Amino acid sequence: MLELPIEQTAGTEVALPSWRLWVVPLSAGIFAGAAAFEVLPYARTRAGVPATIIWALAGLGFFVAIHQGLDALGHQGASWASTLGMWLHSFLEGVVTATGYGVSVALGVLLSAGLVAHLIPEATALVAVLRREGLTNRQAVVRAVASWVLVVAGFLVVKYALHLVSPPELGAGLAFGAGGLAYLAIVSWKGRQGALAGSLLAVATGITLMGVVHFA
């Protein structure tokens, strides 16, 4: 019989639920796919390749620094860094959708449909990561729902202030958010506890899912 991986909880070995073996690496694929298919292309067209690379690396370094700093203070560094990364990304998703309506109503509607289609898997992935970091289901869900609120906030900010933001500045912000998504993907992958082959398959599934959502 195949034995499930175990983890230590208050000094007691507890068998991991089977969903934990695939949903965490699946989350890594979802976050990586969102960065690759949704965020970086927008950033590149607005800020250019060099600036996109620089700001994406800055975003990744920023969230790694938050994680390490909170850990040093005795807080849940991974959970808060992951939450902040997703919140920033959600805000920027609202920004991107609003800019689509600035081009045409048709483009705005298409972006809105794509946004709705991948908000659910992204939020589910965030909940999985936060549960892995020790949060209760309620705490994880509340933070995931807050990411949807920030999508609306990003949309409203752009609606009333888009004329104040230049395309290069918008691209830089998007690239920075992509760095946050890369951080989420790394955290998710590091949290895997299943076999390597199965974990890689789950990552590939997550990336494929986001690609299908983007190109459909």
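The values are calculated or read from the model by the stated rules, or taken from the named source; none is laboratory data. Just so we're clear, the structure is a prediction, and the values are computed from it rather than from any experiment. Neighbour counts run over all protein chains shown; Cβ positions are idealised from the backbone, glycine included. Accessible surface is based on the protein model in full, side chains and every heavy atom, while ligands, DNA and RNA are left aside. Shrake-Rupley method; radii C 1.70, N 1.55, O 1.52, S 1.80 Å.
Some values worked out for this structure:
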read-out	value
Every pair of residues 6+ apart whose Cβ atoms lie under 7 Å, when the first sits in the range 112-132 and is within 15 Å of residue 91 (Cα to Cα) and among the acidic types (Asp, Glu) while the second is part of a helix (DSSP H, G or I) and modelled with pLDDT under 80	none
Subset of the range 186-216 (residues that are without any contact (Cβ under 8 Å) to a residue 40 or more places away in the chain and hydroxyl-bearing (Ser, Thr, Tyr))	none
Among (1) among the small types (Gly, Ala, Ser); (2) open to solvent by less than 60 Å² (accessible area, probe 1.4 Å); (3) modelled with pLDDT under 85 - the single one residue 206 does not satisfy	(3)
Qualifying residue in the range 178-194 (condition: farther than 21 Å from residue 133 by Cα and buried (at least 22 other Cβ atoms within 10 Å of the Cβ))	yes
Subset tally (residues that are of a type outside the set (A, V, I, L, M, F, W, C), in contact (Cβ under 8 Å) with a residue 24 or more places away in the chain and out of contact with any Leu (no Cβ under 9 Å at 6 or more places or on another chain)) for the range 45-58	2
So residue 52, is it part of a helix (DSSP H, G or I), more than 23 Å from residue 214 (Cβ to Cβ), open to solvent by less than 30 Å² (accessible area, probe 1.4 Å) and at pLDDT 80 or above	no
